[in-house]
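Q: Sharing a structure below in structure tokens format, with a few things to ask.
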Amino acid sequence: MASSFDVIVIGAGPGGYVAAIRCAQLGLNTACIDRQTQQRGDQKGRPSLGGTCLNVGCIPSKALLDSSEQYHNLIHQFPAHGISVDNAAMDVAKMQARKEQIVSGLTGGIAQLFKANKVTSVHGHGRVMQDNTVDVLDDSGQVIQTLSAREIILAPGSVPIELPDMPFDHEVIVDSTGALNFDQVPKRLGIIGAGVIGLELGSVWNRLGSEVVVLEALDDFLMIADQHIARVAKRQFAQQGLDIRLGAMVKKADLGAGGLRMSYTQKGKRNTIEVDRIVVAVGRRPATDGLLSPDCGVAADDRGFIEVDDQCKTGAPHIWAVGDAVRGPMLAHKSSEEGVAVAERIAGGTGHVDFNCVPWVIYTSPEIAWVGQTEQALQQQGIEIKTGSFPFAATGRARAMEQPIGLVKMIADAQTDRLLGVHMIGAHVSELIGECVLAMAYQSSSEDIARTIHAHPTLSEATHEAALAVDKRAIHKVN
Ligand code: FAD
Ligand code: AMP
């Protein structure tokens with residue numbers, strides 16, 4: 001194999017593999033180094049491209065969310081349609097096998113894309129050395145190859161944060177990967193952290209029958225979301241049986257006769273609860289351990305994030321970094337956009353990422369999605385705004401689908417009417433948000449959406465009506 005390339009990418013997650021493919025499309029001789037192996041199933045231990053997202057993140061979580069939602073709907077939604085079944089049962093092994101098949105198919109697909117685009121795929125741990133060289137190490141830490149390149153893109157991604165007094169044993173105290181791989185439904189499941197990952201994984205196992213308690217250190221629920229939406233979400237999750245306790249700081253867990261005893265403090269009081277398994281979902285940290293040799297010239301901050309400028313340039317010439325390991329939201333699509341932008345910059349073009357227009361989605365039921373700023377953030381900045389909202393219950397399609405929960409809320413600048421944020425909770429809002437991302441990317445006003453024809457009957461009519469409501473002229477509600 002050649003040892004000299006135009007570009008070496010370290011990491012084959014959505015940041016790295018997308019950057020590598022785009023580099024190759026632009027005519028650059030590209031290698032991509034990744035150490036990830038398949039986690040489960042008959043492919044276990046084999047190299048597996050796609051990073052966290054395809055192997056142990058976005059895709060397997062969505063597979064389980066979908067399976068568990070189908071099961072939940074069978075019992076709780078279908079009867080309203082006149083469909084009933086006796087003895088509904090979930091075969092967890094089959095559900096997991098389906099998930100594994102999806103993961104293998106997609107990760108194998110990246111390998112095929114690499115082949116088709118002539119990206120050289122290298123399995124191992126990459127370490128950036130001096131003079132634009134990269135050592136590739138095997139599992140035992142031995143250097144197996146040294147490669148060099150004109151440009152290097154770092155896309156090492158992130159790993160789950162471990163609580164100091166509650167180390168993962170990967171059996172009863174697990175991270176998100178462990179919670180994606182349970183082979184039976186835990187009777188009592190404790191989740192630490194009511195962030196996106198905690199809520200999604202809590203929903204999966206709650207729908208399948210676990211008693212789920214979610215302990216969250218902060219006093220407010222889902223602070224990253226618009227608080228209007230967060231309140232609706234909290235009510236819905238409580239109705240589904242998710243026991244979310246706020247202001248609950250978890251310290252440790254001990255294995256006792258009745259299971260795992262989790263100790264936490266809430267309003268200055270010490271509490272304990274007993275559970276059978278614990279999922280620690282308190283956030284992720286950059287996977288930069290062993291990535292940077294001391295003399296490579298790339299700086300990382302005290303939390304391990306690689307320091308970059310707006311263009312994803314590190315302090316070292318010709319070394320770039322993208323994705324979860326740099327500032328900004330830890331989202332797959334943000335990583336990919338940065339990967340494409342860096343590839344285009346390397347090839348002499350002008351890469352572009354609009355950080356004001358990164359959509360967020362939480363794939364619970366109802367789904368939560370937003371783009372732009374929240375009402376509370378805008379208020380804090382003293383920006384004058386006008387808002388319009390519209391409930392799905394007032395749309396014919398949501399009623400016909402038996403999915404009346406939720407709303408669309410639109411926020412526009414009070415003077416210019418420019419869209420500043422759109423926030424949604426309801427069925428399929430992960431898909432509905434796309435229109436609003438485009439609108440914001442084009443710097444649209446709420447009036448632009450109000451004047452756009454939306455098909456009837458669709459859920460998107462709620463977006464249209466929310467835009468009309470900004471100007472107090474929604475048709476199907478009292479303004
Ligand atoms: P990663 O996907 O983490 O990929 C980095 C790759 O680099 C990995 O394969 C790693 O093994 C490899 N690597 C690291 N260091 C080295 C090295 N030195 N040498 C060789 N290889 C190395 N995001 C969304 O947008 N939507 C979702 O629905 C979503 N759901 C999620 C659900 C879960 C349970 C989790 C855990 C995450 C989820 N995310 C989601 C987040 C998403 O997975 C990440 O934002 C995304 O994967 C980041 O992409 P990346 O390319 O920066 O890094
Ligand atoms: P995210 O960063 O979105 O994945 O969310 C992680 C959540 O975990 C945050 O809301 C944190 O407040 C919460 N968290 C972090 N540490 C603890 C802890 N020890 N006990 C309870 N919640 C925690």
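Q: In the range 381-460, which trypsin sites (Lys or Arg not before Pro) are in a loop and have at most 14 other Cβ atoms within 10 Å, using DSSP for the loop call?
A: Values: sites: Lys386, Arg397, Arg399, Lys409, Arg418, Arg451; in loops: Arg451.
Filter output for the range 381-460: Arg451.
Q: Could I ask something else about it? Compute the separation of the alpha-carbon centres of the range 1-69 and the range 268-329 and state it in Å as a whole number.
A: Comparing the Cα centres of the range 1-69 and the range 268-329, I get a distance of 18 Å.
Q: Here is a follow-up. At 7 Å along Cα-to-Cβ for each site, give me the label-to-label distance between Thr146 and Gln380 in nm.
A: 4.8 nm
Q: Still on this structure, I have one more. Under 15 Å from the Cβ of Gly241, count the other residues' Cβ atoms, weight Lys and Arg +1, Asp and Glu -1, and hand me the total.
A: Working: positive: Lys187, Arg188, Arg207, Lys234, Arg235, Arg245; negative: Glu69, Glu211, Asp243.
Charge balance in the 15 Å sphere: +3.
Q: Positive end of the charge dipole of the chain (Lys, Arg +1 and Asp, Glu -1 on Cβ, about the Cα centre): tell me which of Ile173, Ser430, Ala393 has its Cα farthest that way.
A: It is Ala393, whose Cα lies furthest towards the positive end.
Q: How much length would be gained if the chain were fully extended between His318 and Asp139, taking 0.36 nm per residue of separation minus their Cα-Cα distance, in nm to one decimal? Present the calculation step by step, with values, prior to reporting the outcome.
A: Working: separation 179, 0.36 × 179 = 64.44 nm, distance 2.76 nm.
Result for the pair: 61.7 nm of gain on full extension.
Q: Only four residue types carry charge here, +1 at the Cβ of Lys and Arg and -1 at the Cβ of Asp and Glu. Report the dipole size of the chain about the Cα centre in Debye, rounded to the nearest 20.
A: On the way: 43 positive and 54 negative charges, 169 e Å.
Using Cβ point charges on Lys, Arg, Asp and Glu, the chain gives about 820 debye.
Q: Moving on to the next point. Run the dipole for the range 357-470 about the Cα centre, Lys and Arg Cβ at +1, Asp and Glu Cβ at -1, nothing else charged, and hand back the magnitude in debye, nearest 20.
A: Details: 6 positive and 12 negative charges, 21 e Å.
Here the size comes out at about 100 debye.
Q: Please compare each pair in Lys62/Lys269; Lys62/Lys252; Lys334/Lys477; Lys62/Lys187 to a cut-off of 32 Å on the Cα-Cα distance and tell me which ones are over it. Numbers along the way, then the final one.
A: Details: Lys62/Lys269 37 Å; Lys62/Lys252 30 Å; Lys334/Lys477 36 Å; Lys62/Lys187 22 Å.
Table pairs above 32 Å Cα-Cα are Lys62/Lys269; Lys334/Lys477.
Q: Run the quick spin-label model on Leu255 and His352: label points 7 Å from Cα toward the beta carbon, then report their separation in nm to one decimal.
A: Result for the modelled spin labels: 5.6 nm.
Q: Give the longest segment of the chain that steers clear of GluC sites (Glu not before Pro) in DSSP loops with at most 11 neighbouring Cβ atoms within 10 Å, not counting the sites themselves. Please report the intermediate quantities before stating the final value.
A: On the way: sites that count: Glu171, Glu384.
That gives 172-383 as the longest site-free run.
Q: Continuing with this model, one more query. Based on the Cβ-Cβ distance from Leu26 to Asp310, what FRET efficiency comes out when R0 is 22 Å, to the nearest 0.05? Write out the running numbers ahead of the final one.
A: Values: r = 21 Å, r/R0 = 0.95.
Between Leu26 and Asp310 the formula returns 0.55.
Q: Find the Rg to Rh ratio for the range 17-157, where Rh is the Kirkwood radius over alpha-carbon pairs and Rg uses the same atoms. Don't skip to the answer; put the middle values down first.
A: Working: Rg = 20.3 Å, Rh = 17.6 Å.
The Rg/Rh ratio comes out at 1.15.
Q: Let me ask something else about it. Using a Cα-Cα cut-off of under 15 Å, which aspartates and glutamates could be cross-linked to Lys251, ignoring same-chain neighbours fewer than 8 residues away?
A: Result set, ordered by chain and number: Glu162, Asp165, Glu216, Glu274.
Q: May I pose another question? For the range 219-337, with the dipole built from +1 on Lys and Arg beta-carbon atoms and -1 on Asp and Glu ones, taken about the Cα centre, which of Gly328, Gln240, Ala281 lies farthest toward the positive end?
A: Checked the options; the winner is Gln240.
Q: In what sequence, highest mean first, do 14-21, 126-133 appear when ranked by Cβ atoms within 10 angstrom?
A: Details: 14-21: 29.6, 126-133: 17.8.
Descending packing order for the listed peptides: 14-21, 126-133.
Q: Using a 1.4 angstrom probe, figure out how much accessible area the chain has per residue, in square angstrom, rounded to the nearest whole. Could you put the intermediate results ahead of the total?
A: Values: 21910 Å² over 479 residues.
With the other protein chains kept in place, the chain gives 46 Å² per residue.
Q: Which percent of the accessible heavy-atom area of the range 284-413 goes to carbon and sulfur, probe 1.4 angstrom?
A: Carbon plus sulfur share of accessible area: 47 percent.
Q: Among bridges DSSP assigns within the chain, what percent are antiparallel (round to 5)?
A: Working: 54 of 86 bridges.
Percentage antiparallel, nearest 5: 65.
Q: Looking at Gly198, Pro186, Gly259, which one has the Cα that reaches farthest to the positive end of the dipole of the range 173-282 (charges on Cβ: Lys, Arg +1; Asp, Glu -1)?
A: So the residue we want is Gly259.
Q: Long-range amide H contacts for Arg285: which residues qualify at under 5 Å (H placed 1.01 Å from N, peptide plane, sequence gap of 5 or more or a different chain)?
A: Distant-sequence amide H within range of Arg285: Val159, Ile161.
Q: Taking the highest mean first, how do the peptides 50-56, 70-76 order by number of other beta carbon atoms within 10 angstrom per residue? Don't skip to the end; give the middle numbers.
A: Working: 50-56: 26.1, 70-76: 15.6.
Put in order of decreasing packing, that is 50-56, 70-76.
Q: Residues with amide H under 5 Å of Ile244's amide H, sequence separation 5 or more or different chain, H placed in the peptide plane at 1.01 Å from N; which?
A: Val214
Q: So, one more: Provide the FRET efficiency to the nearest 0.05 for the Ile161-Gln77 pair, computing r from the beta carbons and using R0 = 35 Å. Please list the in-between numbers first.
A: On the way: r = 36 Å, r/R0 = 1.02.
Computed FRET efficiency for Ile161 and Gln77: 0.45.
Q: Here's something else I'd like to know. Give me the dipole magnitude in Debye, nearest 20, for the range 1-138 about the Cα centre, with unit charges on the beta carbon: positive for Lys and Arg, negative for Asp and Glu. If you can, show how the numbers build up before the last one.
A: Details: 12 positive and 11 negative charges, 32 e Å.
That gives a dipole near 160 debye.
Q: If I model a spin label at Asn117 and Leu246 as a point 7 Å from the Cα along the Cα→Cβ vector, what separation in nanometres do I get?
A: If labels sit at Asn117 and Leu246, their model points lie 4.3 nm apart.
The values are calculated or read from the model by the stated rules, or taken from the named source; none is laboratory data. Remember, it's a predicted structure, so these values are computed and weren't measured experimentally. Virtual Cβ from ideal backbone geometry, glycine too; neighbours counted across all protein chains shown. Please note that ligands, DNA and RNA were not included when accessible areas were found on the heavy atoms of the full protein model with its side chains. Shrake-Rupley method; radii C 1.70, N 1.55, O 1.52, S 1.80 Å.
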